[in-house]
Amino acid sequence: MSPRKRISGWRRFTPHFRLRPRWTIALTIFVFLAGGLIASGIRPSLGFLLGFDAAALTFLSSTMPMFAGATIEEMRIRAREQDPGRWTALWISVALSVVVLVALGVELRSDSASGLLGIAVAGFSLLLSWLFMNTMFALHYAHACYSDATVEVEALQFPGTKVPDYWDFLYFAMVLGMTFQVSDVQIADHKLRRVALGHSVIAFFFNVIIIAITVNVVAGKA
């Protein structure tokens, strides 16, 4: 492949990163921080976890104000702008969250991870990875519903709410992440129903792995 073709291929992905500044900044922090820590001689599992924690904390702390202040029109505009590549962003985020669990399991099995500090770091990483994954699903649901301004039937029907905001979608995603099923929200679109099915399956195994890691750590320190 010629250099010109490689550059052209890279430019196709550049708008996806530019239109997702929070996600792009978080990913950049993760790559450089985790890579720098590992290159400095720190254990790869710990470097990976610290890099992810910093990136996830940055992403979540910058996303919550957007959730609080966004109007419905701003949500529609953002959804249409970020519609290309939203699947890529979602699955990269899910993959990172799953790999975090693997790194966490490796780190907790090391002798240096013993003690209250190691357990506290592990608990913080678990919380951040769970929040990060479900927040990405919430954004995906919101953008799927608002990417087409001419939709006549809402893909997700919230009782008493005709125009749901980001907090409504976060509620829906968190419920799926905790219970693996919908609550009072009705899914009126078969494509989103498939996404919710995948979300439930991923959340189930995610939570099972968390329980397995916790039991393993407690049993090992008993």
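At a glance:
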item: Set of the stretch 182-208 residues, backbone N closer than 17 Å to the point 7 Å along the Cα-Cβ line of GLN157; result: 182-194
item: Percent of C-alpha pairs per 5 Å bin, the stretch 21-220, short to long; result: 1, 7, 15, 19, 18, 15, 10, 7, 5, 2, 1, 0
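Bear in mind that the values in this text are calculations on the coordinates, not laboratory data. These numbers were taken from a predicted model, which means no experiment stands behind them. No Cβ is skipped: glycine too gets one built from the backbone with ideal geometry, and neighbour counts run over all protein chains shown.
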